[in-house]
Structure formats: C-alpha cells, structure tokens
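The values are calculated or read from the model by the stated rules, or taken from the named source; none is laboratory data. What you see is a predicted model; the values in this text were computed from it and never measured. Ideal geometry is used to build each Cβ from the backbone, glycine not excepted, and the neighbour counts take in all protein chains shown.
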Amino acid sequence: MTSIDLPYTKRTLANGLDVIVHEDHHVPIVAVNIWYHVGSKNERPGRTGFAHLFEHLMFEGSEHHNTGFFPPLQQAGALLNGSTNTDRTNYWAVVPTSAIDRALWMESDRMGYLLPAVTRERFETQRDVVLNERRQNYENRPYGMAIMAITSALYPPDHPYSWMTIGSADDIRAMQLEDVQAFFRTYYHPSNASLVLAGDIDTPRAFDLAEQYFGDLPPGTRPVPVIAAASLAREQRLVMEDRVELPRVYIAWLSPAMFAPDDAELDLVADLMANGKTSRLYRTLVYERRIALDVSAHQHSRELGSFFLLAATAAPGQSLAEIYAEIDAELDRHSAMGPTDDEMERALAQAEAQFIYRLQTVGGFGGKSDQLNAYNVLLGNPGFFTADLDRYRRATHDSVRSAAARHLRRDARVVLSVIPRGQNALALAGSEPVTVS
Amino acid sequence: MTGVDRSRLPAVGPDPAFSFPEIARHTLSNGLEVRTVEHASVPLLTILLQVEGGSGADASDREGLAAIVADMVDEGTGALSAIDVSDAMARIGADYDVDVSPDVMSFSITTLARFATRGASLLADMTTKPSMRETDFTRVRQMRLDRLKQLKDLPPAVAERAFLRLMYAQHPYGHVPIGSDTALKRISLDDTSALHSAMFRPSHATLVMTGALSHQEMLEIAKSAFGEWADVGARGTPVQRASAIEPSEMAPPRLAIVPREAAAQSELRIGHLSARRNTPDYPALLVMNALLGGQFVSRINLKLREEKAYTYGARTGFDWRRGLSPFVLQASVHTASTADAIADAIAEIEGLRDSRPPTQDELVLAKASLTRGYPRNFETAQQVARSVAQLALYDLPDSYFAEFVPKVNAIGEDDVTRAAMQYLVPEKMSTLIVGDHSAIADSLDTLGLGTPRVLPPEL
C-alpha cells in the first residue's frame with residue numbers, strides 16, 4: 001500500500017494565530033492560505049449573506065494599501081481568490097517564491113487594519129456585485145433555487161444552516177456599513193484564524209515571516225462556538241416550479257457532521273449509489289431503464305451537521321414517481337444486504353486515489369494548504385490527513401450498510417420535486433408548493 | 001523580528017529559476033508520435049491521446065457527430081461492456097477525461113504510477129477498438145438529445161451556441177460540439193464508426209505521457225499498449241480540417257437577441273473573428289487581452305464590476321483554434337443595466353485603440369501577471385500533459401515554454417496598441433444578448449447598433 005502523507009510543522013503565535021508550514025520545492029511557488037473560522041453559520045436571521053459580503057470587502061483594500069487587493073499581487077504573478085461557506089471563510093494566493101513578503105504584508109494588513117478602508121461607496125458597490133452574483137448563480141440558473149428550498153425544509157428557521165451562504169436578496173439589500181465593524185471585530189483577528197504557508201519555502205523562514213508580519217496584531221477574543229440542532233420527524237414532500245424542461249427529484253436527509261462516525265461511510269454510500277456507470281442508481285435509472293437523465297448523490301459534510309442529498313432528473317416523458325420508487329427500492333436493498341465485495345474494493349481504490357490526487361497542488365481551493373487548514377480549523381489537528389484516509393480504509397461492509405440504514409430513512413427526509421412551470425401534475429403526489437425568492 | 005514597515009509594499013524579488021519540462025519524443029513504427037515528460041512530485045501518471053479532428057470535422061448535416069464518437073470511446077471494448085470499462089477504471093482509481101475541441105479531441109487517464117501499464121492498455125483498447133454497439137449508441141445519442149433540451153434553460157450555453165453561429169455561420173467552427181437536435185437525430189451508428197476509423201489513426205495522433213516514471217519506462221509502456229495499433233484509416237475518407245476552410249466574408253448583424261422572458265440577468269457576448277492561435281502576434285494579443293479584460297484588474301472588469309456594479313464579473317478572451325478565432329467579451333449583467341453595460345464595454349475596447357492607450361503601469365502589470373506566475377502551470381502531471389498536447393495541436397516547438405516569458409516581456413506599449421488596432425474592430429463587433437427582450441428593447445435603441453436580430457433559442 002502506498003504511504004500517503006502530508007507532513008507539516010505547526011506553531012501558534014502569542015496572539016493566537018495558528019501557523020502551519022509544509023515544504024514542497026517542486027515548483028518555485030508558495031501558497032498562502034488563511035482560514036477565518038466564520039461563515040454563514042455565524043449569521044442571524046435578517047442578516048443572512050453577511051459573511052460572504054464581508055469576504056468581498058476584504059478585496060477592496062486595507063489601511064496601508066487603501067486600494068484594490070488584486071493589483072499588487074497579480075503584478076507579482078499571483079493567483080488569488082477567496083470563498084465563504086457555512087462554516088468558514090478562506091483566502092488564498094499562490095505566489096512566486098519571490099513575492100512571499102508582499103503577500104504576507106497584504107494579508108496581515110487586511111487582518112489587522114481593514115476597517116479604515118471600508119468606505120460607504122465600496123460597501124454599496126460590493127453589495128450590488130453580490131446581488132449580481134446571486135442572480136447569476138442562483139436565480140438565472142435552472143434548478144438554481146432548489147437547494148434553498150431544501151435547506152430551509154431540513155433545518156428550523158433559527159438554525160443557521162436553514163439559509164444559504166449567499167443570503168436572501170432582501171437581507172443583502174438591507175445591510176448597513178455599520179454592521180461591518182462589529183463583524184470584523186468579532187471574527188477577523190489572529191485567534192480566530194489559521195495561516196498555512198505551503199510550497200517552496202524553508203520552514204524556519206516561513207515561521208520568521210509569519211511572526212514578522214502577523215506577530216504584533218492584537219489577538220481578539222475567540223468567538224463563542226455556534227450550537228444548533230436539527231431533526232426531522234417525517235417525510236416532507238415539496239414541489240417548486242422553475243424555468244426547466246425536465247422535472248427533477250431531490251431527496252435530502254440530515255446526516256452526521258464532518259468527521260463524525262458514519263460521515264466517511266455515507267461518503268462511500270454516495271459513491272456506490274451514484275458515482276460512475278458502475279454505481280447502483282446510475283446503472284438502473286440511467287443505463288438500464290433509462291428513466292433518468294442523470295443521478296447524483298453526495299454527503300455534504302459540515303461542521304454542525306451534514307446532509308445527504310440524492311438527485312435525479314427525469315428523462316423526457318418519464319415520471320418522478322417511478323424514479324423515486326426505484327431509489328427507495330435500491331436503498332432498501334442496500335439496507336438489507338449492504339455493499340458487495342466488489343463495490344467495497346472499488347470504493348476503497350477510488351478513495352485512496354482521491355487522497356493521492358489531493359497531494360498534487362500546494363494552493364488554491366482543495367490544494368494541500370487548504371486541506372491543512374481544514375483539518376486544523378475543524379479538528380485542531382493539521383496532521384489528520386492519514387487518519388482521514390484511514391476512516392475510509394476502516395469502513396467495512398457492515399459499517400457502510402448500517403450507516404445508510406440508520407441515516408437514509410424514509411420517515412425522516414425532505415423530498416422536493418422541481419417541475420416545469422404550470423405542470424404540477426409532474427410532481428410527486430402529496431407535495432406542498434414551496435416558493436423561495 | 002517583529003515590526004513591519006507599513007508605509008510601503010515590499011518589493012518583489014527576482015523571478016525564481018524554473019526548469020521547464022524536458023520533452024522526449026519518439027515515433028512508433030505505426031507512426032504514432034509519443035512525447036514523454038518525467039514529473040515525479042506525486043506517484044501519478046497521466047496518459048493522454050490526442051487525435052486529429054474535433055467538432056470541426058463534423059459535416060454540416062452531422063453536427064455533433066465527433067462528440068458522439070468521443071462518447072462511444074468509454075462505452076465498451078473487446079469483451080468489456082460499458083459497465084466493465086467503468087469498473088476497470090475505478091479499480092485503478094483512474095480519472096478519465098475527454099475533451100472535444102474544434103480541431104482535435106483528447107482522451108486521458110490519470111492513475112497511480114503503479115497502475116501505469118494497466119491504465120495505458122485500457123486507454124489504448126478504448127480509443128482504438130471501441131465496440132460501437134447499437135444499444136450503447138442509441139443510449140448515448142438519446143442522452144445528448146436530452147442534454148440539448150436542458151441546455152436551452154442555461155443562458156451561458158444558449159449564448160455560446162448562438163454566438164458561434166453568428167461568428168461563423170455555416171463554417172464547421174460554427175457549432176458547439178454537442179451539435180443540434182436535427183443533426184443528432186440524423187446521425188447513425190454507421191456515421192459514428194466511419195468517423196472513428198477516419199479520425200483514430202496512429203499517424204494522425206499524439207500520445208503524451210507525464211508522470212513519476214522515466215522516459216524509457218513510459219516509452220516501453222506506450223509501445224506495449226499502442227504499438228500494435230494499425231493505420232487502417234489511411235484507406236478511408238480524410239477527416240475534414242476546419243482550419244483549412246476560410247470563414248465567409250459576410251458580416252454578421254451588429255446586435256442580436258435570444259429572448260428569455262423575465263430573465264434576472266442578460267447574458268452578453270460581444271466580439272468578432274480576430275486572429276489565429278499561431279499568429280506571431282500571439283504574445284502581444286495576450287498582453288492586450290490581459291489588460292483589457294483577461295484578469296480581475298482589467299479595464300473592463302474594473303469598470304463593469306468594481307465601478308458600476310453591473311455584474312459579478314466580466315472578462316474577455318480569444319476562443320483559440322487553428323483557424324480564425326473569435327475575440328469575445330462575456331458577462332452576465334443585471335437586466336436593468338444591459339444597455340449601459342454594453343455601451344461601457346464597447347467604450348473600453350474603443351478607448352484602448354485610440355484615446356486611452358495602455359499606461360506603463362498597466363503594461364507592467366499585465367506582463368507580470370502572465371509571466372511571473374507561469375511556472376504555476378506545470379505543477380501537476382495533468383497540467384503538463386495538456387500543455388505538451390497543446391504544442392502538438394498548434395505545431396509549436398518544444399522550446400515554446402522556455403521562450404514564453406521572454407517573448408511576453410518583449411512586448412511594448414506600441415505592440416499592444418498596434419494589436420488592438422489590427423485585431424479589435426469595434427464597428428465590426430456583434431453583440432449578442434440572451435435576456436428579457438421586452439424589458440430592455442427601448443434601451444437598446446440608444447446603442448446605435450440597429451434593430452436587434454431576434455434569434456430562436458435553438459440554432
């Protein structure tokens with residue numbers, strides 16, 4: 001068995017900033033990756049979408065570089081971006097080794113000195129840019145609003161996973177510049193952040209640079225962890241009209257949090273159900289019976305609790321009811337018999353290969369620096385890479401079977417039919433209409 | 001150690017040295033050209049077969065055929081069914097990727113280096129000896145027809161289809177690889193088998209292998225997997241080469257719209273046919289594009305997004321092919337801002353040609369963003385394999401990577417202005433909108449682009 005590892009060194013600065021260094025000298029680039037442990041889970045109703053809007057403001061300048069964040073780094077040959085999800089906000093740049101000082105100067109300036117640069121004009125412009133992002137990625141996209149209907153049905157309204165990270169359009173419009181200050185002070189400081197430097201840099205120099213640029217920033221108070229619970233007591237059927245040609249059914253369940261027992265098993269269940277032509281549902285629904293155009297399954301692993309989502313689009317003229325029945329039959333078979341030896345063997349080979357693929361890039365979304373931060377921020381242990389793979393290696397026929405039987409129950413789930421406008425008859429029977437805006 | 005001078009940004013040091021991949025070339029006895037690159041950072045291997053003829057090889061009444069040929073490659077070979085092929089790939093943890101572009105198609109498998117032999121022989125069997133069974137063909141074609149139906153709901157896909165047709169009319173570059181409903185329905189299994197035989201010929205293909213093996217090991221694997229591949233296609237009809245056909249001189253309309261009632265945003269495309277990928281002006285065009293619309297800090301993105309907040313993002317680029325290729329601006333803008341966004345975008349293009357030539361700062365930034373980050377493109381085996389395949393596609397020398405940075409750095413302001421004058425002609429550009437026609441009709445009149453030609457969602 002190939003030994004697969006992601007070595008690192010970690011230190012925590014006096015102000016609470018975690019610094020993690022990984023050396024890889026194959027290409028003369030360094031990934032600077034920083035996670036703030038804040039996402040839309042830290043928002044409250046009426047202010048949804050704020051964490052993401054805030055991320056936009058982080059690119060508009062800081063006190064000592066009071067203009068766009070992009071030009072000095074693009075001029076240095078960097079690739080950079082950021083993203084916000086329910087649990088965290090990350091910022092990364094992949095820079096030539098020669099530009100590491102500049103990247104850290106800028107990253108530390110916006111960690112320590114953002115607020116003087118946030119003007120009303122910048123704030124309002126980014127608010128409009130975000131509204132455009134929302135229109136482009138959700139409102140103007142087929143099936144784009146389905147996930148909003150699903151999450152708001154899965155979680156109670158005060159649970160922060162009940163809204164999407166992009167937020168509601170009304171909330172975005174209502175945001176005020178004054179909200180920025182409190183948000184920054186609560187969440188953007190060294191003790192709520194984790195910095196990874198990965199790539200063509202020697203470990204001692206990396207720590208020296210981290211200390212130099214971030215060491216004198218004031219620590220701040222660690223935010224109180226968010227606690228929220230959700231449960232489902234029945235099957236809820238919903239229907240939503242959309243500008244689509246073909247109906248699609250979504251089935252969603254609440255499932256164990258990221259890294260919790262059964263999380264890896266459900267990942268494997270998703271694979272054996274709907275990943276590739278050999279998967280059960282692809283094979284029956286798409287390949288053999290041809291009643292569906294596509295089928296997908298995914299364990300959406302998150303910090304406070306995950307959800308497992310199955311989706312299938314009906315082939316022209318085919319009914320969602322038949323697809324739905326077939327999915328349930330397959331889940332029943334799996335709950336009774338579990339995966340075959342072949343399925344287990346294949347799933348493990350793929351999982352292992354996926355872990356190796358994840359070692360190819362130092363930076364960017366999902367690169368080695370991002371993974372080290374994920375493990376550090378969510379588990380406090382950047383060295384979890386091998387243990388993470390072991391979660392999959394340890395999975396057995398019975399643990400996979402029982403995970404699916406335990407969590408993918410018929411009597412606790414949300415079933416959403418998305419149908420072409422005005423064609424209510426295409427929805428599953430007994431579905432209540434739902435609208436999202 | 002602490003204490004930072006925050007009065008100015010740290011300077012950037014000299015560019016670090018980087019050795020570009022060394023490419024070893026061999027030609028097998030059947031004519032297959034093999035290019036190998038040793039790339040040992042992770043124990044993986046990418047094996048990529050690129051064959052001549054992509055969607056540009058489709059006859060005008062068979063648009064979508066090449067893409068169906070590509071789809072049939074993983075639908076079974078020899079005794080293996082489509083399911084068996086998928087199973088065989090899963091067992092070696094393979095990542096299979098297909099790319100159908102206008103001039104070529106490529107098929108690649110990335111797998112663990114210890115499965116190199118299995119991966120290569122699987123790829124060889126799939127690409128050179130696909131089963132071409134009627135049932136698989138029927139399913140694949142039906143899935144593409146259904147997919148087309150779905151694409152009608154996706155504004156960027158509608159825009160891409162309509163814009164290519166505006167640019168190229170009936171030229172073989174004028175359709176997206178998936179083709180059209182009418183043409184797909186006409187395509188038979190015989191058509192598919194015939195095009196496969198014509199396209200898949202060792203003497204008209206390039207095999208690229210990059211990964212954690214030596215040149216010699218990779219060559220041996222290539223020989224054992226692809227060495228027996230016979231050049232039977234030599235007796236058949238040659239594949240149509242789109243790049244050898246000149247696009248029509250007929251000017252497309254200046255303004256066209258695909259109506260999408262109550263659309264939240266307007267999907268825009270603005271451009272015209274402009275240059276060929278192998279033009280000596282390529283470095284000047286890259287620099288020009290970077291500062292105009294090719295990066296976040298470009299003039300057009302800063303104007304449309306950061307200043308006016310019309311859009312989440314706007315960008316320009318060349319949709320490169322061997323023949324004459326379009327320069328195109330793309331953005332999805334708020335419906336209410338559609339006409340203003342178009343006017344501002346065109347004004348930026350005009351400005352670069354006359355009133356606002358590139359400043360020294362812009363030039364430095366554009367060049368640096370292209371050159372300083374260049375080594376980043378050689379981090380993974382897949383990236384390297386794709387880059388090497390591009391050399392074969394555009395007939396570029398093995399020294400291309402090493403020459404890229406000096407060539408870009410040699411570009412001056414005058415080169416950019418000259419390139420803008422020669423390759424961007426605002427009065428010839430077509431503007432295509434996929435959006436709410438009734439909501440924007442009045443404002444479009446102010447653009448001076450004439451009455452929009454109204455296009456159906458399917459072309």
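Remarks
So that you can scan it fast, the table gives a plain yes or no per residue for (1) within 14 Å of another protein chain (Cβ to nearest Cβ); (2) surrounded by fewer than 24 Cβ atoms within 10 Å (Cβ to Cβ):
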{"site": "B:15", "(1), (2)": "yes, yes"}
{"site": "B:18", "(1), (2)": "yes, yes"}
{"site": "B:24", "(1), (2)": "no, yes"}
{"site": "B:55", "(1), (2)": "no, no"}
{"site": "B:96", "(1), (2)": "yes, yes"}
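- Looking across B:216, B:265, one residue alone is surrounded by 22 or more Cβ atoms within 10 Å (Cβ to Cβ) and either under 21 Å from residue B:108 (Cα atoms) or within 14 Å of chain A (Cβ to nearest Cβ) (or both). It is B:265.
- Residue A:346 touching a residue at least 24 places away in the same chain (Cβ under 8 Å), at the interface with chain B (Cβ under 10 Å from one of its Cβ atoms) and surrounded by fewer than 19 Cβ atoms within 10 Å (Cβ to Cβ): no
- Odd one out for residue A:79 among (1) under 21 Å from residue A:374 (Cα atoms); (2) surrounded by 21 or more Cβ atoms within 10 Å (Cβ to Cβ): (2)
Matching residues to (1) of a type outside the set (Val, Ile, Thr); (2) assigned by TED's automatic domain parsing to the domain that holds residue A:123; (3) buried (at least 23 other Cβ atoms within 10 Å of the Cβ); (4) in contact with a strand residue (DSSP E or B) (Cβ under 6 Å, 6 or more places away or on another chain):
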residue: A:23; (1), (2), (3), (4): yes, yes, no, no
residue: A:31; (1), (2), (3), (4): yes, yes, yes, yes
residue: A:41; (1), (2), (3), (4): yes, yes, no, no
residue: A:44; (1), (2), (3), (4): yes, yes, no, no
residue: A:47; (1), (2), (3), (4): yes, yes, no, no
residue: A:51; (1), (2), (3), (4): yes, yes, yes, yes
residue: A:56; (1), (2), (3), (4): yes, yes, no, no
residue: A:59; (1), (2), (3), (4): yes, yes, no, no
residue: A:67; (1), (2), (3), (4): no, yes, no, no
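- Helices (runs of 4 or more DSSP H) wholly inside region B:94-184 containing at least 1 residues that are under 29 Å from residue A:144 (Cα atoms): B:134-151, B:155-168
- One residue from B:427, B:403 being farther than 30 Å from residue B:51 by Cβ, surrounded by fewer than 16 Cβ atoms within 10 Å (Cβ to Cβ) and of a type in the set (Asp, Glu): B:427
- Only one of the numbered conditions (1) at pLDDT below 95; (2) more than 14 Å from chain B (Cβ to nearest Cβ) is violated by residue A:333, and that is (1).
- The set of residues in region B:335-387 that are over 18 Å from residue A:76 (Cα atoms), touching a strand residue (DSSP E or B) at 6+ places or on another chain (Cβ under 6 Å) and outside any helix (DSSP H, G or I) is empty.
- The residue of region A:76-105 that is nearest to residue B:376 (Cα to Cα), among those that are assigned to a helix (DSSP H, G or I) and more than 7 Å from chain B (Cβ to nearest Cβ), is A:100.
- Test: residue in region B:232-247 that is outside the structural domain of residue B:100 (by TED's automatic domain parsing), within 22 Å of residue B:426 (Cα to Cα) and at pLDDT below 95: yes
- Residue pairs meeting the criteria (Cβ under 9 Å; at least 6 apart or on separate chains; first without any contact (Cβ under 8 Å) to a residue 40 or more places away in the chain, in region B:378-389; second crowded, with 21+ Cβ neighbours inside 10 Å and of a type in the set (D, E, K, R)): B:383/B:376
- So residue A:73, is it without any contact (Cβ under 8 Å) to a residue 60 or more places away in the chain, in the same structural domain as residue A:164 (by TED's automatic domain parsing) and assigned to a strand (DSSP E or B): no
- In region A:306-332, of all residues being of a type in the set (D, E, K, R) and touching a Lys or Arg at 6+ places or on another chain (Cβ under 8 Å), the one that is farthest from residue A:387 (Cα to Cα) corresponds to A:326.
- Test: residue B:365 is touching a residue at least 12 places away in the same chain (Cβ under 8 Å), over 27 Å from residue A:357 (Cα atoms) and aliphatic (A, V, I, L, M): yes
- Answer residue from region B:26-53, given it is surrounded by fewer than 24 Cβ atoms within 10 Å (Cβ to Cβ) and within 14 Å of chain A (Cβ to nearest Cβ) and is modelled with the lowest pLDDT among those: B:41
- Annotation: residue B:247 fulfils all but one of (1) surrounded by fewer than 21 Cβ atoms within 10 Å (Cβ to Cβ); (2) touching a helix residue (DSSP H, G or I) at 6+ places or on another chain (Cβ under 6 Å); (3) within 14 Å of chain A (Cβ to nearest Cβ); the unmet one is (3).
- Leading residue by the ranking (farthest from residue B:406 (Cα to Cα)) among those in region B:363-379 that are more than 8 Å from chain A (Cβ to nearest Cβ) and surrounded by fewer than 23 Cβ atoms within 10 Å (Cβ to Cβ): B:377
- Taken over region A:233-268, the residue count meeting the criterion of being surrounded by fewer than 18 Cβ atoms within 10 Å (Cβ to Cβ) and of a type in the set (A, V, I, L, M) is 3.
- Checking each residue in region A:260-315 for being hydroxyl-bearing (Ser, Thr, Tyr) and under 20 Å from residue B:96 (Cβ atoms) picks out A:278, A:279, A:282, A:287, A:296.
- Single residue of region A:107-143 satisfying the filter (among the small types (Gly, Ala, Ser) and in contact (Cβ under 8 Å) with a residue 60 or more places away in the chain) that is farthest from the other protein chains (Cβ to nearest Cβ): A:112
- Complete set of residues in region B:306-336 that are under 24 Å from residue B:446 (Cβ atoms) and more than 13 Å from chain A (Cβ to nearest Cβ): B:316, B:328, B:329
- Among (1) within 14 Å of chain A (Cβ to nearest Cβ); (2) under 19 Å from residue B:281 (Cβ atoms); (3) outside any helix (DSSP H, G or I) - the single one residue B:395 does not satisfy: (1)
- Condition met for residue A:339 (in contact (Cβ under 8 Å) with a residue 40 or more places away in the chain, assigned to a loop (DSSP other than H, G, I, E, B) and either in contact with a strand residue (DSSP E or B) (Cβ under 6 Å, 6 or more places away or on another chain) or crowded, with 20+ Cβ neighbours inside 10 Å (or both)): yes
- Selection of first residues in region B:172-186 that are farther than 15 Å from residue B:142 by Cβ and of second residues that are aromatic (Phe, Trp, Tyr) and outside any loop (DSSP other than H, G, I, E, B), restricted to Cβ pairs under 9 Å at least 6 apart or on distinct chains, gives the following pairs, ordered by first then second residue: B:174/B:168; B:175/B:168.
- Among the residues of region A:411-437, just one is exposed (fewer than 14 other Cβ atoms within 10 Å of the Cβ) and of a type in the set (Lys, Arg), namely A:421.
- Close Cβ contacts (under 6 Å, 6 or more residues apart or on different chains) running from residues in region A:373-400 that are more than 19 Å from residue A:31 (Cβ to Cβ) and among the charged types (D, E, K, R) to residues that are modelled with pLDDT of 95 or more and crowded, with 18+ Cβ neighbours inside 10 Å comprise A:391/A:264.
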